[in-house]
Structure formats: C-alpha cells, structure tokens
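Peer 1: The structure follows.
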Amino acid sequence: MRRITFIISFWVAATCCFSQRILSLEECREMALNNNKQISAAKVSQEAAYNGRKAARTKYLPRVDAVAGYQYFTREVSILNKNQKNALSNMGTNISSALGERASGIISGLVEQGAMSAQEAQQLSGLLSKYGEAISEAGNKVGSNIRDAFRTNTHHIWAGAVTVSQPIYMGGAITAANRIADLTEEMSAMTVDDRIHNALYDVDKAYWLVVSLKNKKRLAESYLELVKKFSSDIHKMIDEGVGTRAEGLRTDVRVNEAEMAILKVDDGLLLAKMLLCQLCGMPMDEEILLADEDKEGLDIPLTSQETMSIENALDNRTELHILSNAIDITKENSRLIKAMYRPQVLLTGSYLLSNPNGFNGFERKFGGVFNIGVSVHMPIWNWGEGKYKVRAAQAATNIAEMEMSEVREKMELQIRQNRFRVTEARRRLEIARNNIRSAEENLRCADVGYREGVMTMTEVLAAQTAWQQAKSDMIDAEIDVRLSQIDLNKSVGR
C-alpha cells in the first residue's frame, strides 16, 4: 500500500512539473520581442518610412500625366460678326443691286446721248433684270456657303492631353524632401530599436520580480516551518507544565503572521507571473516556472565590470539619435521653405488632342499637336512671408537643440546615478551576506540557550525575526543588484 501511494504521488508531481513551462530569461526575452505589439507597430511605421523614402526619390524623375474631358457649350465660337454674316448671306443680292444701278446709269446716259433708243434701252433693262435675279440667287448661295465654312460648330468639344514634365531646378526642394525622407526612415529604425530596448527592460524587470517573490515565498515557508516547530515545542512544554499559556499564544501569533506573509507573497507572485506572461504574449493564467526561481543564490559577483565612458554610453542611446534626427529634419524644413521662394524651372512636353480641331479649319474630327517648352516660376514679392516662415522654422530648430541638450544632461545624470546604485547595491549585498552568517549563528545560539534555560522565549523570537529579516534583506539585495544593473544597461544603451 505504501508503495502504491508513493507511485501515485510521484506521478502527480511529475504531471504537475511537465504541465508547467520552464522558461529562461533569454526565452522570455525572445517571446517578448516576438509578441510585443509596440515593436510590431514600430516595424510597420518603419516600412511606411521606407516607402516614403522611395516615393521621395521619384521626384527626381520625369512625370507623365494624361487628362481627357468633354464639354457642352450653349453658344459656339464665332469667327464672323453679325454684319459680316448678313453681308455674306446677301452677297448676291448686294452685287445684283450694285450692278443694276450701275447698268441703269449707263443705259440712261446712252439714251440721253442718242446712242440708244428708248425701246432698245427698255429691252436691255429687261434682259439685265432677268440675269440679275440669277446672279443674285447664285451670289447669295455662294455667300451662304462661305458663311457656313467659317462656322466653328463648338457646342460639343472633346479634348485630351498627355504631358511630360521634368524638374530642372526646384530651389533645392526635392533635395530637402529626400533628406527628410531619409531622416524619417532612420528615426523609424531607431524607434524600433528603442521599443526593443524597452521591451527587454520590462521583461527583465518582470522576470527578476518573479524570482524575488519566489525566493520570498521560499523564505516565508522556511520561517513558517521554523515558528511552527518552535510553537510545537512550546506547546509540549506547556503540556508538561514548564511553559506558560502566554508563551503559547505569542508563538501562535507568530505562526499566523507567517501564514499571512505566505498568502501575501502568493498573491504578489501570481500577479507578477501574470505580468510576465502578458509581456511574453502567453495566456495570463498559464502556469510557468522560471529557470532561476528555484536557485538558492543568484551567484552575483561583488565587483562591477562597467567601464564604458559617458560619451560612448550617450552615443549608444537611441533617444539621442532620434532627437538629433529631429533637429536635422527641422533644418531641412527650413531649406524646404526657402525653396518655395526661389525660382523653379520645369522642362515640359505634351501632346494635345481635340475634336473639333483648328488645324485644318474647324474639322469635326480628332486632331492633335506636339509641343515642348520650359516653364519658369519666380516669386517676386510676398510681403516678407518667406522670411517670417524661415525664422519660425529656425526657431523650431533652436528649441529642438535646447531640448536635446537638456535630455543629454539628464541622461548623463541617469548614468551616474545608476552606476552609483549598482555600487551601493553590491555593497548592501556584501553586508547582507555577512548578516546572514551572523543571524544564523545568533538563531542557533538562541535556540540552544532557550533549551538550556539561559535565554527567554522573547530572545528566541527576536533571533528568528532577525534571521528572517537578514534572509529577506539578502534576497532584496541580490534582486536590487540585478535590477540596478538592468537600469544601468538601459541607461548606457546596452
């Protein structure tokens, strides 16, 4: 029966162990980088900046545009005015009238001179009148045809054009825009690095917080076992009549306090693991086991290996590089504004197409023409608008430079403070290790002295409390060394 119980217990323990994921710090870091949404968003922004840079490069190349359209006009374009149209429409009548008057005058002169009789003049006038009507009709028809030939028929117009434009000189605007695109892409890449640093920083802190709380839990359990054993000995002494009930109550209170401490640590450990799971992209209720949480000590050396200079450390900070790029962008913005008020030269060429077209009269069919030219745009007077805009852009550059100087000073202070914290944490760790040995020896002496009747229970409880505090201080010191080193690594951009 005992053998069966042992096998079942072993199987349950093995099942619980295999159901938990054992994660190292590097595994947590890798999962955090793969599942961090801010990093993913920064990479998308980097891709957008890359495409923006590619788009800026196209400004150097010729552009081809096409346009087409249709318009209806209620009135058509007229080359002839109304008097000219009337004259053409009545051209035959006018010619016939003029010829008739001239002929009548000639005939009358001949009659007066006796060269022609009245009867002959009457017959000739009738003949001219007959032919005048024919001339008038033919002339009117010819005039109408000429008038219709001058009609443009521009009620319905279809038109299209294909234009090619090549920038020759744009005042430096294209160069400035490309420089801004390059700086924006660099900033987006540095933003990705900065998000990676922040993600690693957060996951490292969460990892060592879990390790700290697990050590605190193990300490609380050891302390509970210690006070339970001592409480059991006191109650046995009470049963034998050599102890007082007050002593038993005092030890019971210590047991309750130890149990409450375990409950608090369990709650904190659960929340810390939930945070770590969230950072790693795992379900927050997943059972995990960290590779360092069951170690008795973290094997932390008491000497610091940090030798990087302040200047090199600041050169590693992505935040400073981002601010530097922001300053460069403001400078390029100033150049971009200046370019708006400089001459701009474009080489253009196009093919125009319309119906009706005016290349062979106004024909009702499509006709086109090629053209090539140079376009120059030169601002002459704008009441100082460009000067004021340039000054405003330069002010933005000055503000960015001052902000960068302030951030640089704060980063230098942060590095010095973190180095001091690392040094102090290592000193506290050394003191805590020495205190552990003293507290353990003190607890042993108190326990022996109480059993031999030369020390009181109060002294034993005080020794137990001192032992617990020394253990807790050592755990805090070890984790503080880790966390201060993490802060230092982040502040030096490593």
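The values are calculated or read from the model by the stated rules, or taken from the named source; none is laboratory data. All values reported here derive from a predicted model rather than from experimental measurement. Neighbour counts are summed over all protein chains in view; Cβ atoms, including those assigned to glycine, are modelled from backbone coordinates with ideal geometry. The protein model used for the area step is the full one, side chains on, heavy atoms only, and it has no ligands, DNA or RNA in it. Shrake-Rupley method; radii C 1.70, N 1.55, O 1.52, S 1.80 Å.
Peer 1: Can you name every residue in the range 388-426 that is of a type in the set (D, E, K, R) and more than 31 Å from the chain's Cα centre (by Cα)?
Peer 2: Keep residues of the range 388-426 that are of a type in the set (D, E, K, R), which gives 389, 391, 401, 403, 406, 408-410, 412, 416, 419, 421, 424, 426.
The answer is ARG416, ARG419, ARG421, GLU424, ARG426.
Peer 1: Let me ask another. Return the only residue of ALA326, ALA339, ALA313 being within 30 Å of VAL162 (Cα to Cα) and either part of a helix (DSSP H, G or I) or out of contact with any strand residue (DSSP E or B) (no Cβ under 8 Å at 6 or more places or on another chain) (or both).
Peer 2: Selected residue: ALA339, the only one of ALA326, ALA339, ALA313 that is within 30 Å of VAL162 (Cα to Cα) and either part of a helix (DSSP H, G or I) or out of contact with any strand residue (DSSP E or B) (no Cβ under 8 Å at 6 or more places or on another chain) (or both).
Peer 1: Exactly one of (1) at pLDDT below 75; (2) surrounded by 16 or more Cβ atoms within 10 Å (Cβ to Cβ) is unmet by ILE157. Its number?
Peer 2: Result: ILE157 passes all but (1).
Peer 1: Kindly establish whether GLN71 is under 21 Å from the mean Cα position of the chain (by Cα), open to solvent by 50 Å² or more (accessible area, probe 1.4 Å) and at negative phi. Spell out how you get there, then give the answer.
Peer 2: On the way: under 21 Å from the mean Cα position of the chain (by Cα): no; open to solvent by 50 Å² or more (accessible area, probe 1.4 Å): yes; at negative phi: yes.
So GLN71 does not fit the description; no.
Peer 1: I would also like to ask the following. Determine whether ARG482 is open to solvent by 40 Å² or more (accessible area, probe 1.4 Å) and not in a helix (DSSP H, G or I).
Peer 2: no
Peer 1: Another question, if that's okay. Six or more apart or on different chains, Cβ atoms under 7 Å: show the pairs whose first residue is in the range 264-281 and on the phi < 0 side of the Ramachandran plot and whose second is among the acidic types (Asp, Glu) and not in a helix (DSSP H, G or I).
Peer 2: Once the first residue is on the phi < 0 side of the Ramachandran plot and sits in the range 264-281, its partners that are among the acidic types (Asp, Glu) and not in a helix (DSSP H, G or I) give CYS277/GLU286.
Peer 1: If you take the residues in the range 342-382 that are of a type in the set (Phe, Trp, Tyr) and surrounded by fewer than 16 Cβ atoms within 10 Å (Cβ to Cβ), which one is nearest to VAL164 (Cα to Cα)? Show your work before the answer.
Peer 2: Restricting attention to the range 342-382, the residues satisfying the condition of being of a type in the set (Phe, Trp, Tyr) are 351, 359, 362, 366, 370, 381.
After this cut, where a residue has to be surrounded by fewer than 16 Cβ atoms within 10 Å (Cβ to Cβ) as well, the list is 351, 359, 366, 370, 381.
Working: TYR351: 9, PHE359: 23, PHE366: 21, PHE370: 11, TRP381: 30 Å.
Among residues in the range 342-382 that are of a type in the set (Phe, Trp, Tyr) and surrounded by fewer than 16 Cβ atoms within 10 Å (Cβ to Cβ), the one nearest to VAL164 (Cα to Cα) is TYR351.
Peer 1: Against the definition (out of contact with any Leu (no Cβ under 7 Å at 6 or more places or on another chain), modelled with pLDDT under 85, open to solvent by less than 20 Å² (accessible area, probe 1.4 Å) and charged (D, E, K, R)), how does GLU311 come out, yes or no? Write out each step before concluding.
Peer 2: Working: out of contact with any Leu (no Cβ under 7 Å at 6 or more places or on another chain): yes; modelled with pLDDT under 85: yes; open to solvent by less than 20 Å² (accessible area, probe 1.4 Å): no; charged (D, E, K, R): yes.
Spelling it out, it is not the case that GLU311 is out of contact with any Leu (no Cβ under 7 Å at 6 or more places or on another chain), modelled with pLDDT under 85, open to solvent by less than 20 Å² (accessible area, probe 1.4 Å) and charged (D, E, K, R).
Peer 1: Is it fair to say THR251 is assigned to a helix (DSSP H, G or I), among the polar types (S, T, N, Q) and within 30 Å of ASP315 (Cβ to Cβ)? Don't jump to the end; show me each part of the working.
Peer 2: Details: assigned to a helix (DSSP H, G or I): yes; among the polar types (S, T, N, Q): yes; within 30 Å of ASP315 (Cβ to Cβ): no.
Judged against the criteria, THR251 is not a match.
Peer 1: Let me ask something else. Among the candidates SER231, SER212, single out the residue that is open to solvent by less than 30 Å² (accessible area, probe 1.4 Å) and modelled with pLDDT of 85 or more.
Peer 2: SER212
Peer 1: In the list GLU385, GLU409, which residue meets the criterion of being charged (D, E, K, R), open to solvent by 40 Å² or more (accessible area, probe 1.4 Å) and within 23 Å of ARG317 (Cβ to Cβ)? Break it down stepwise before answering.
Peer 2: Working: GLU385 fails: within 23 Å of ARG317 (Cβ to Cβ).
Criteria check complete, one pass: GLU409.
Peer 1: Quick one: which residue in ALA13, ALA56 is open to solvent by less than 60 Å² (accessible area, probe 1.4 Å), at pLDDT 80 or above and over 30 Å from SER354 (Cα atoms)? Quick ask: steps written out before the conclusion?
Peer 2: On the way: ALA13 fails: at pLDDT 80 or above.
The unique qualifying residue is ALA56.
Peer 1: Take ALA446 and decide whether it is among the small types (Gly, Ala, Ser) and crowded, with 16+ Cβ neighbours inside 10 Å.
Peer 2: In short, yes.
Peer 1: From the list LEU213, LEU200, LEU183, LEU224, which residue is under 30 Å from LEU461 (Cβ atoms), out of contact with any Gly (no Cβ under 7 Å at 6 or more places or on another chain) and aliphatic (A, V, I, L, M)?
Peer 2: The conditions single out LEU224.
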